[in-house]
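Remarks on the structure that follows.
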Amino acid sequence: MSEFFVYILANRYRGTMYVGVTNDLSQRMSQHKSGAVPGFTRQYKVTRLVYVEPYASILEARARENTLKRWRREWKFQLIEAQNPEWNDLTDQIV
């Protein structure tokens, strides 16, 4: 059974955020951190993994990703700070 992850990246504490979904968090974080994929995260240097939620199905993960993308910034701040108040990079702990 595959596992999928909804994740939030930031460039700094309460800074620019990116919400994404992947089935390989380790590979995806390597891509973000190396700037391998052109786009938003490379342009704004959004590479700090600050929040992760696991899901068993891609449908659930995509639904949650879309929900979070519609949330206000403050709501995302509260979600992140409930688990990661210092906005530490969780990459080494999770991947």
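Every number here is computed from the coordinates shown, using simple stated rules; none is lab data. Remember, predicted model here, so these are calculated numbers, not experimental data. No Cβ is skipped: glycine too gets one built from the backbone with ideal geometry, and neighbour counts run over all protein chains shown.
For the stretch 87-93, backbone phi angles converted through the Karplus equation (6.51, -1.76, 1.60; θ = phi - 60°) give residue-by-residue couplings of 6, 5, 6, 8, 3, 5, 7 Hz, Gly and Pro being listed as x. Within straight-line reach of residue 45, meaning a Cα separation under 14 Å, sit the following aspartates and glutamates at least 8 residues removed in sequence or on another chain: 89. Please work out the FRET efficiency for the pair residue 64 and residue 42, using the Cβ-Cβ distance as r and a Förster radius of 30 Å; give the result to the nearest 0.05. After rounding, the FRET efficiency stands at 0.80.
Taking one quarter of the surface of the C-alpha convex hull of the stretch 4-94 gives a mean projected area of 5.4 nm². GNM, the chain, Cα, under 10 Å: largest mean-square fluctuation among 83, 43, 31? Judging by the Gaussian network model, the answer is 43.
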